[in-house]
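Chemist: Have a look at the structure that comes next, please.
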Amino acid sequence: MTQDLTPKYTVPGIDREAAGRLIGALRVRLHALNDLHLTLKHVHWNVVGPHFIAVHEMIDPQVDQVREMADDVAERIAALGGVAQGTPGALVTERTWEDYSIGRADAIAHLGALDLVYTGVIEDVRAAVKEAGEIDPATEDLLIGQLRDLEQFQWFVRAHLESSRGTLATSNARTEEEAAARGAELD
(Lines give C-alpha, C1' and ligand atoms only; values in the text may rest on other atoms or scores of the structure.)
Protein backbone atom coordinates (compact mmCIF):
# COMPACT_ATOMS: atom_id res chain seq x y z
CA MET A 1 0.00 0.00 0.00
CA THR A 2 1.58 3.28 -1.07
CA GLN A 3 -1.07 5.55 0.41
CA ASP A 4 0.22 7.99 3.04
CA LEU A 5 -1.62 7.08 6.23
CA THR A 6 0.10 9.68 8.44
CA PRO A 7 -2.67 11.23 10.56
CA LYS A 8 -3.03 14.93 11.27
CA TYR A 9 -2.94 14.08 15.00
CA THR A 10 -2.43 10.97 17.09
CA VAL A 11 -2.27 9.78 20.68
CA PRO A 12 0.22 11.45 23.05
CA GLY A 13 3.69 9.94 23.03
CA ILE A 14 3.67 8.64 19.44
CA ASP A 15 4.87 10.76 16.54
CA ARG A 16 2.57 11.09 13.54
CA GLU A 17 4.78 9.13 11.13
CA ALA A 18 5.01 6.19 13.54
CA ALA A 19 1.24 6.36 14.03
CA GLY A 20 0.86 6.20 10.24
CA ARG A 21 2.91 2.98 10.17
CA LEU A 22 0.71 1.53 12.93
CA ILE A 23 -2.44 2.58 11.07
CA GLY A 24 -1.14 0.83 7.95
CA ALA A 25 -0.43 -2.39 9.85
CA LEU A 26 -3.79 -2.23 11.63
CA ARG A 27 -5.64 -1.54 8.41
CA VAL A 28 -4.37 -4.82 6.96
CA ARG A 29 -5.34 -6.57 10.21
CA LEU A 30 -8.83 -5.05 9.93
CA HIS A 31 -9.18 -6.41 6.40
CA ALA A 32 -7.93 -9.83 7.51
CA LEU A 33 -10.37 -9.96 10.43
CA ASN A 34 -13.32 -8.86 8.30
CA ASP A 35 -12.35 -11.47 5.70
CA LEU A 36 -11.95 -14.14 8.40
CA HIS A 37 -15.37 -13.30 9.85
CA LEU A 38 -16.98 -13.75 6.44
CA THR A 39 -14.99 -16.92 5.73
CA LEU A 40 -16.08 -18.45 9.04
CA LYS A 41 -19.73 -17.64 8.27
CA HIS A 42 -19.26 -19.19 4.81
CA VAL A 43 -18.00 -22.39 6.46
CA HIS A 44 -20.87 -22.26 8.97
CA TRP A 45 -23.39 -22.08 6.10
CA ASN A 46 -21.71 -24.63 3.80
CA VAL A 47 -20.54 -27.39 6.11
CA VAL A 48 -22.10 -30.85 5.65
CA GLY A 49 -21.49 -34.40 6.74
CA PRO A 50 -21.43 -36.40 9.96
CA HIS A 51 -19.53 -33.70 11.90
CA PHE A 52 -21.90 -30.97 10.73
CA ILE A 53 -23.41 -29.92 14.06
CA ALA A 54 -20.12 -29.96 15.98
CA VAL A 55 -18.39 -27.72 13.42
CA HIS A 56 -21.49 -25.59 12.79
CA GLU A 57 -21.76 -24.80 16.52
CA MET A 58 -17.99 -24.42 17.03
CA ILE A 59 -17.74 -21.75 14.33
CA ASP A 60 -20.35 -19.24 15.55
CA PRO A 61 -18.50 -18.19 18.74
CA GLN A 62 -15.38 -17.73 16.62
CA VAL A 63 -17.36 -15.52 14.22
CA ASP A 64 -18.59 -13.36 17.10
CA GLN A 65 -15.15 -12.99 18.65
CA VAL A 66 -13.47 -12.21 15.31
CA ARG A 67 -16.09 -9.50 14.71
CA GLU A 68 -15.22 -8.02 18.12
CA MET A 69 -11.53 -8.14 17.20
CA ALA A 70 -12.26 -6.22 14.00
CA ASP A 71 -14.17 -3.60 16.00
CA ASP A 72 -11.27 -3.24 18.45
CA VAL A 73 -8.78 -2.82 15.60
CA ALA A 74 -11.01 -0.25 13.85
CA GLU A 75 -11.37 1.73 17.07
CA ARG A 76 -7.60 1.66 17.63
CA ILE A 77 -7.08 3.00 14.10
CA ALA A 78 -9.51 5.84 14.90
CA ALA A 79 -7.81 6.56 18.24
CA LEU A 80 -4.48 6.85 16.40
CA GLY A 81 -6.08 9.46 14.11
CA GLY A 82 -6.62 7.20 11.11
CA VAL A 83 -9.58 6.08 9.05
CA ALA A 84 -10.86 2.54 9.61
CA GLN A 85 -11.65 1.46 6.05
CA GLY A 86 -14.20 -1.29 6.64
CA THR A 87 -15.81 -1.38 3.22
CA PRO A 88 -15.83 -4.53 1.07
CA GLY A 89 -14.15 -2.64 -1.77
CA ALA A 90 -11.22 -1.61 0.42
CA LEU A 91 -10.86 -5.16 1.73
CA VAL A 92 -10.79 -6.69 -1.75
CA THR A 93 -8.52 -4.00 -3.21
CA GLU A 94 -5.98 -4.00 -0.38
CA ARG A 95 -5.83 -7.65 0.69
CA THR A 96 -2.79 -9.71 -0.23
CA TRP A 97 -4.48 -13.12 -0.15
CA GLU A 98 -6.96 -14.97 -2.33
CA ASP A 99 -10.61 -15.56 -1.48
CA TYR A 100 -11.52 -18.74 0.43
CA SER A 101 -11.81 -21.48 -2.14
CA ILE A 102 -13.93 -24.25 -0.58
CA GLY A 103 -17.69 -24.31 -1.23
CA ARG A 104 -20.17 -26.82 0.14
CA ALA A 105 -17.99 -29.53 1.67
CA ASP A 106 -17.59 -32.04 4.44
CA ALA A 107 -16.88 -30.57 7.87
CA ILE A 108 -13.41 -32.06 8.09
CA ALA A 109 -12.50 -30.76 4.62
CA HIS A 110 -13.52 -27.25 5.70
CA LEU A 111 -11.50 -27.61 8.89
CA GLY A 112 -8.47 -28.64 6.86
CA ALA A 113 -8.78 -25.49 4.76
CA LEU A 114 -9.47 -23.34 7.84
CA ASP A 115 -6.27 -24.62 9.43
CA LEU A 116 -4.37 -23.06 6.53
CA VAL A 117 -6.42 -19.85 6.77
CA TYR A 118 -5.66 -19.55 10.49
CA THR A 119 -1.97 -20.19 9.86
CA GLY A 120 -1.82 -17.26 7.44
CA VAL A 121 -3.75 -14.93 9.73
CA ILE A 122 -1.65 -15.88 12.77
CA GLU A 123 1.65 -15.43 10.94
CA ASP A 124 0.54 -11.96 9.83
CA VAL A 125 -0.59 -11.01 13.35
CA ARG A 126 2.80 -12.08 14.71
CA ALA A 127 4.51 -9.75 12.21
CA ALA A 128 2.16 -6.91 13.21
CA VAL A 129 2.90 -7.56 16.91
CA LYS A 130 6.60 -7.19 16.19
CA GLU A 131 6.07 -3.96 14.26
CA ALA A 132 3.72 -2.52 16.89
CA GLY A 133 6.14 -3.48 19.67
CA GLU A 134 8.72 -1.12 18.21
CA ILE A 135 6.25 1.80 18.35
CA ASP A 136 3.40 1.40 20.82
CA PRO A 137 2.80 -1.01 23.72
CA ALA A 138 -0.98 -0.39 23.72
CA THR A 139 -1.35 -1.52 20.10
CA GLU A 140 1.07 -4.39 20.71
CA ASP A 141 -1.05 -5.51 23.69
CA LEU A 142 -4.23 -5.42 21.62
CA LEU A 143 -2.65 -7.59 18.94
CA ILE A 144 -1.13 -10.03 21.44
CA GLY A 145 -4.56 -10.65 22.97
CA GLN A 146 -6.01 -11.28 19.53
CA LEU A 147 -3.11 -13.56 18.65
CA ARG A 148 -3.80 -15.68 21.72
CA ASP A 149 -7.47 -16.05 20.78
CA LEU A 150 -6.72 -16.85 17.14
CA GLU A 151 -4.22 -19.51 18.19
CA GLN A 152 -6.89 -21.05 20.43
CA PHE A 153 -9.36 -21.11 17.52
CA GLN A 154 -6.77 -22.85 15.38
CA TRP A 155 -6.21 -25.37 18.18
CA PHE A 156 -9.97 -26.12 18.17
CA VAL A 157 -9.78 -26.68 14.40
CA ARG A 158 -6.63 -28.78 14.61
CA ALA A 159 -8.11 -31.03 17.29
CA HIS A 160 -10.32 -32.44 14.53
CA LEU A 161 -7.33 -32.91 12.20
CA GLU A 162 -4.85 -34.55 14.58
CA SER A 163 -4.30 -38.29 14.80
CA SER A 164 -3.90 -40.09 18.10
CA ARG A 165 -0.16 -40.20 17.31
CA GLY A 166 -0.03 -36.41 17.18
CA THR A 167 0.22 -36.12 13.42
CA LEU A 168 -1.57 -33.19 11.83
CA ALA A 169 -3.36 -34.15 8.61
CA THR A 170 -2.72 -30.76 7.04
CA SER A 171 1.04 -30.68 7.66
CA ASN A 172 2.87 -29.18 4.69
CA ALA A 173 -0.34 -28.45 2.76
CA ARG A 174 0.22 -25.47 0.48
CA THR A 175 -3.31 -24.70 -0.72
CA GLU A 176 -6.73 -24.72 0.86
CA GLU A 177 -7.80 -27.42 -1.59
CA GLU A 178 -4.85 -29.61 -0.62
CA ALA A 179 -5.51 -29.05 3.10
CA ALA A 180 -9.23 -29.80 2.61
CA ALA A 181 -8.40 -33.03 0.77
CA ARG A 182 -5.99 -34.14 3.48
CA GLY A 183 -8.52 -33.32 6.18
CA ALA A 184 -11.22 -35.27 4.35
CA GLU A 185 -8.94 -38.31 4.25
CA LEU A 186 -9.34 -38.60 8.03
CA ASP A 187 -12.97 -39.72 7.74
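Chemist: Given the -39500 (n - 2.57) contribution per DSSP H run of 4+ residues, what per-residue ellipticity at 222 nm results for the chain, rounded to the nearest 500 deg cm²/dmol?
Modeler: One gets -23000 deg cm²/dmol as the mean residue ellipticity at 222 nm.
Chemist: What whole-number distance in Å separates the alpha-carbon centres of segment 129-187 and segment 49-114?
Modeler: Centre-to-centre distance over Cα atoms comes out at 13 Å.
Chemist: Once you have all Cα-Cα distances for segment 78-187, histogram them in 5 Å bins from zero and send the whole-percent values.
Modeler: Per 5 Å bin, starting at zero, the Cα-Cα P(r) for segment 78-187 comes out as 2, 11, 17, 18, 18, 14, 10, 6, 3, 1, 0 percent.
Chemist: A further question on this structure: Give me the 1.4 Å probe accessible area per residue for the chain, excluding ligands and nucleic acids, in Å².
Modeler: Each residue of the chain exposes 52 Å² on average to a 1.4 Å probe.
Chemist: If you fit an axis through the alpha-carbon atoms of helix 107-133 and take the longest principal axis of the Cα set of the chain, what angle between them do you get, 0 to 90°, nearest 10?
Modeler: So the inclination is approximately 20 degrees.
Chemist: Something else now. Taking the Cα centre of segment 134-187 as origin, work out the dipole magnitude from +1 charges on Lys and Arg Cβ and -1 charges on Asp and Glu Cβ, in debye rounded to 20. The partial results should precede the final answer.
Modeler: Details: 5 positive and 12 negative charges, 73 e Å.
Result for segment 134-187 is approximately 360 debye, rounded to the nearest 20.
Chemist: Computed FRET efficiency, Cβ-Cβ of W155 and I53, R0 25 Å: what is it to the nearest 0.05? All intermediate terms of the calculation are to be shown ahead of the outcome.
Modeler: Working: r = 20 Å, r/R0 = 0.80.
About 0.80, to the nearest 0.05.
Chemist: Once a ≥ b ≥ c are taken as the square roots of the eigenvalues of the Cα gyration tensor of the chain, is the result rounded (a/c under 1.5), prolate (a/b larger than b/c) or oblate (a/b not larger than b/c)?
Modeler: prolate
Chemist: Quick one: Karplus J couplings for segment 67-84, per residue in order, coefficients 6.51, -1.76, 1.60, θ = phi - 60°, nearest Hz, x for Gly and Pro?
Modeler: The phi angles translate into 4, 5, 4, 4, 4, 4, 5, 4, 5, 5, 4, 5, 4, 7, x, x, 10, 7 Hz.
Chemist: Next up: Pull out the extension gain between K41 and A78, defined as 0.36 nm times the separation in residues minus the alpha carbon to alpha carbon distance; nm, one decimal.
Modeler: 10.7 nm
Chemist: Additional query: Compute the long axis of helix 137-159 from its Cα atoms, compare it with the longest principal axis of the Cα atoms of the chain, and write down the angle in degrees, 0 to 90, nearest 10.
Modeler: With both axes taken from Cα atoms, the answer is about 10 degrees.
Chemist: Computing the accessible area with a 1.4 Å probe over protein heavy atoms, can you report the carbon and sulfur percentage for the chain? Working shown, then result.
Modeler: Working: 4890 of 9680 Å².
So the carbon and sulfur contribution to the accessible surface is 51 percent.
Chemist: Trypsin sites (Lys or Arg not before Pro), restricted to segment 1-91: which are DSSP loop and have at most 10 other Cβ atoms within 10 Å? Before the final figure, lay out each step's value.
Modeler: Working: sites: K8, R16, R21, R27, R29, K41, R67, R76; in loops: K8.
Sites meeting the loop and neighbour criteria: K8.
Chemist: Filter the GluC sites (Glu not before Pro) in segment 87-167 to those in DSSP coil with at most 11 other Cβ atoms within 10 Å of their Cβ, and list the result.
Modeler: Within segment 87-167, the qualifying GluC sites (Glu not before Pro) (loop, at most 11 other Cβ atoms within 10 Å) are E98, E134.
Chemist: Along the principal axes of its C-alpha atoms, what lengths does segment 1-43 span, in descending order and rounded to whole Å?
Modeler: 42, 23, 12
Chemist: Work out how much length A181 to I144 would gain on full extension: take 0.36 nm times their residue separation and subtract the Cα-Cα distance, in nm to one decimal.
Modeler: My answer for the length gained is 10.1 nm.
Chemist: Oh, and also: What full-extension length gain, to one decimal in nm, is calculated for R16 and R104 as 0.36 nm per residue of separation minus the Cα-Cα distance?
Modeler: Computed gain between R16 and R104 is 27.1 nm.
The values are calculated or read from the model by the stated rules, or taken from the named source; none is laboratory data. What you see is a predicted model; the values in this text were computed from it and never measured. Backbone-built Cβ (ideal geometry, glycine too); neighbour counts: all protein chains shown. In case anyone asks, the SASA skips ligands and DNA or RNA and just uses the protein heavy atoms, side chains included. Shrake-Rupley method; radii C 1.70, N 1.55, O 1.52, S 1.80 Å.
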